[in-house]
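Visitor: First the structure, then my questions, so here it is.
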Amino acid sequence: MTILGIDPGTATTGFGVIRYEEGRLIPVDVGVLLTTPDMALPDRLKSIYDDINTLLDRYTPELVATEKLFFDKNVTNGIAVGAARGVILLAFAQRGLSWMEYTPMQVKQSVTGYGAADKLQVQAMVTRLLNLAEVPKPDDAADALAVAICHAHSHKISGLGRTRSRDNRR
């Protein structure tokens, strides 16, 4: 099963694509979608929307997940990132994809076993879990892979990938 993880942003949106097969996590692609500061917000949103659709066409994920937005002191930036999240969710909805959202603490807990892990600990575990030669860069890309891994772990625990439910075994 193919899983797309997204770390939303207006300037940099991270994406990570993994496959979950027979209990193994297999890296497929990782990167960032970029917009420039000189672009008007509507143009940035259209660019993000178009790029997300390109990823959905290329990888046809069965599962998609994003990192939940965390509003710090910069409310204006938070509103813009919320708009980016909105166009990402629109792209998912138009394809009938079910989507999950995870808090940064949930992602850290899932990937490292410790909800207060720092960024370097998360990146080290992402690299280890996916058997990568080096830490994905920039941070947004590594964060998106962490979201995809979190969703794979959540999916495995919930049993959503089973071909038969317990009730159907009789």
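The values are calculated or read from the model by the stated rules, or taken from the named source; none is laboratory data. The structure displayed is predicted, hence computed values, not measured ones. Neighbour counts run over all protein chains shown; Cβ positions are idealised from the backbone, glycine included.
Visitor: Scan the strands (runs of 3 or more DSSP E) fully inside the range 2-84 and keep the ones with 3 or more residues being in contact with a Phe, Trp or Tyr (Cβ under 8 Å, 6 or more places away or on another chain), of a type outside the set (D, E, K, R) and under 26 Å from Gln123 (Cβ atoms).
Guide: Passing ranges, in order: 2-7, 24-34, 63-67.
Visitor: Something else about it: For the range 69-109, what are the residues that are among the small types (Gly, Ala, Ser) and in contact with a Ser or Thr (Cβ under 7 Å, 6 or more places away or on another chain)? Walk me through it before giving the result.
Guide: Going residue by residue through the range 69-109, those that are among the small types (Gly, Ala, Ser) are 78, 80, 82-84, 86, 91, 93, 96, 98.
Scanning the range 69-109 gives Ala80, Ala84.
Visitor: Same structure, new question: If I ask for residues that are closer than 13 Å to Ala65 by Cβ and at pLDDT below 95, which ones from the range 124-157 would you list? It would help to see each step written out before you state the result.
Guide: Pass one, the range 124-157, residues closer than 13 Å to Ala65 by Cβ: 143-155.
Listed by number, the residues that qualify are His153, Ser154, His155.
Visitor: From the list Lys108, Lys68, Lys73, Lys137, exactly one residue is surrounded by fewer than 13 Cβ atoms within 10 Å (Cβ to Cβ) and more than 15 Å from Gly16 (Cα to Cα). Which is it?
Guide: On the way: Lys108 fails: surrounded by fewer than 13 Cβ atoms within 10 Å (Cβ to Cβ); Lys68 fails: surrounded by fewer than 13 Cβ atoms within 10 Å (Cβ to Cβ); Lys137 fails: more than 15 Å from Gly16 (Cα to Cα).
One residue alone meets the criteria, Lys73.
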